[in-house]
Amino acid sequence: MPHSPAVEVRGLVKRYDGRAVVDGLDLSAAAGRVTAVLGPNGAGKTTTVECCEGLRPPDAGTVRVLGLDPVADGAALRPLVGVMLQDGGLPTGVRAREMLDHVARMYADPWDTDALAERLGLDGFARTTVRRLSGGQRQRLALAVAVVGRPRVVFLDEPSAGMDPQSRLAVWQLVRELRDEGAAVILTTHLMEEAEDLADHVVVVDHGTVIAQGSVPELLATDVDRRGAATLVVHTAHDVAATGLRERLGPSYAVEHRSATSLAVTGEVTPSTVATVTAWLAAQDVLVTRLDLGRRTLEDVFLDLTGRSLR
Amino acid sequence: MTAPAGHPAPGRHAAAPGARRVLAQAGFEARMILRNGEQVLVAVVIPVLALVGLVQGTFVEIDTAGSSRVDFLTPGVLALAVMTASFTSQAIATGFDRRNGVLRLLATTPLGRGGLLAGKVLGVLAVEAVQVLLLGAAAVVLGWRPGVAGVVLALVGVVLGTAAFTALALLVAGTLRAEAVLALANLLLLVLALGGGVIVPADRLPGPFAALASWLPSGAFGDVLRGALLDGSLPLLPVLVLAAWAVGLGALAARFFRWH
């Protein structure tokens, strides 16, 4: 078991009205790991997980979950898989706790719903109907419904959408515990922070195919190797012009604006580079409000891979 | 058998037995309908008021062909009530559940698509049991005295009518937008109730309606229940017409129903 992936997707193709939304996608997710499928809207993330959940038959390629075909072996697979849909899938007229208890009845050996409700803070709105819940409350209820069967594979489609920070922390904590207990967790997200903090493995998807994958450090490291350099980002209290700093640092550094009040310096960043930048700002009486050194974020990698323009 | 409290340890990963899953879904569906005020109004209150009004009131002239008004009208009002539960309520509920992803979510649980459909049909039958008991009680108070054989045959007719109208509900709910389902389900119920041969038999309708209505599922259903409860026998042609609708609409729903 530890050697065979919990989810294995090979050459997946899915077309809507002749247009390929997923186009030759390969993906594998291991048990005891959180795998984040990261990509912009319309990249094919939701369609991919819906093929894994047995909700859509693939047009080409193979999908195996715990070695089974999600469509043909659905009856055997459904007790082993938990699903949180992007649009929730909760009936609007049902009370929160009633929905959780109802789905629990579908399993022979479900999670104790009292304990689960307490874990995810559902008790405060147990008797409230779904249509009157806030976005964060709905997401917590949908997560509870996804895990109440104590699944071996969990698919979470944009689990943090519309959540307040407290809800998000509770959700992330539960996702980590599921992983530590050996479940394979596959989550789609366009939140870098979520992928960076939570994922053991990140798969970057765009235009229906995988364009990069690896652990977060791996993705960041390949990026640094490619550039042979690190990046220093300074945020300032006032607007500054990049031109003066460019002259001061010389041609071996690239200086560009991130915004009117932040500059990114790319090159071989040494202690004296930092000193030069701050001294130059001090000479202009500009206060540094934040300084990020060395490590590019997953967001930088993501934007480099998928492009910075709106689509 | 439950997990240690608050601890996400892997479970036995087994589904609950199939019958338990379907019964749980049926109870869930029936509760949702009977808790919704509008649904109760349409499914129970309006049919009961219609029965009392039509039987007691003299504002509508009805040729009862020798039967008492309550004997003549009760089968048609029962048919109408069954249509509200199996068609209108079910179409609206399924249409919105489809839009909200409820159908897809439940299809990923051990219930599955087949269990969900079975649960829906049983849920409809449970609501109909409530309707039949309340309407039957109201009719008895008004002087209705049906024969035992007629009641048994009528129950067969109710199952057949439920099959046809649930199939129509799923066809509408599985192909149209939720808002369009809401509008169409209500409109169709009103049209069929007034001119579809449910309460007023097809052959008493004016001109072209008379010819058309007996071939509609509504007219056939009304005739089946009137045959059972007034004559104590199932009329062959309306039974065949209703069965043909059930098979045809079922095949269309199976072919065109979209889960997304």
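Calculated [222 nm] ellipticity per residue, helices only, for the protein assembly as shown: -15500 deg cm²/dmol; basis is -39500 (n - 2.57) per DSSP H run with n ≥ 4, divided by all residues, nearest 500.
When nucleic acids and ligands are ignored and a 1.4 Å probe is applied, B:Phe256 ends up with an accessible area of around 100 Å². In this structure, the amide hydrogen of A:Ala212, modeled 1.01 Å from its nitrogen in the peptide plane, lies closer than 5 angstrom to those of A:Val204, counting only residues at least 5 positions away or on a different chain.
Give, as a single signed number, the net charge of other residues whose beta carbon lies under 13 Å from the beta carbon of B:Pro238, with Lys and Arg counted +1 and Asp and Glu -1.
Here the count lands on -2.
In degrees between 0 and 90, to the nearest 10, how far off the longest principal axis of chain B does helix B:46-56 point, with axes built from Cα atoms? Taking Cα atoms only, the helix is inclined about 10 degrees. Take A:Asp164: with every protein chain present and a 1.4 Å probe, its accessible area is about 60 Å². Of the chymotrypsin sites (Phe, Trp or Tyr not before Pro) found in the stretch B:144-244, no site is in coil according to DSSP while having at most 14 other Cβ atoms within 10 Å of its Cβ. For the segment A:82-89, counting C-beta atoms of other chains within 10 Å of every residue's C-beta and taking the mean gives 5. Using the Cβ of A:Thr273 as centre and a radius below 14 Å, the other residues enclosed give a net charge of 0, where K and R count +1 and D and E count -1.
Taking Lys and Arg as +1 and Asp and Glu as -1, the other residues whose beta-carbon sits under 14 Å from that of B:Gly123 total +1.
Here r is the Cβ-Cβ distance between B:Ser233 and B:Ala14 and R0 is 60 Å; the resulting FRET efficiency, rounded to 0.05, is 0.80. Under 13 Å from a label point set 7 Å out along the Cα-to-Cβ vector of A:Ser252, the amide N atoms of the stretch A:260-295 belong to A:267-274. For chain B, the longest principal axis of the C-alpha atoms and the axis of helix B:112-141 are separated by about 40°.
Only the Cβ atoms of Lys and Arg (+1) and of Asp and Glu (-1) were treated as charged; on that basis the dipole of the protein assembly as shown about its Cα centre amounts to roughly 940 debye. Say R0 is 25 Å: what FRET efficiency, to the nearest 0.05, do B:Leu134 and B:Arg35 get from their beta-carbon distance? Efficiency at R0 = 25 Å is approximately 0.95.
Site pair A:Gln173 and A:Ala75 shows an inter-label distance of 4.1 nm when each label is modelled 7 Å from Cα along Cα→Cβ.
The values are calculated or read from the model by the stated rules, or taken from the named source; none is laboratory data. Just so you know, these numbers come straight off a predicted model, no measurement behind them. Quick reminder, even Gly has a Cβ in these numbers, built from the backbone with ideal geometry, and neighbours come from all protein chains shown. Please note that ligands, DNA and RNA were not included when accessible areas were found on the heavy atoms of the full protein model with its side chains. Shrake-Rupley method; radii C 1.70, N 1.55, O 1.52, S 1.80 Å.
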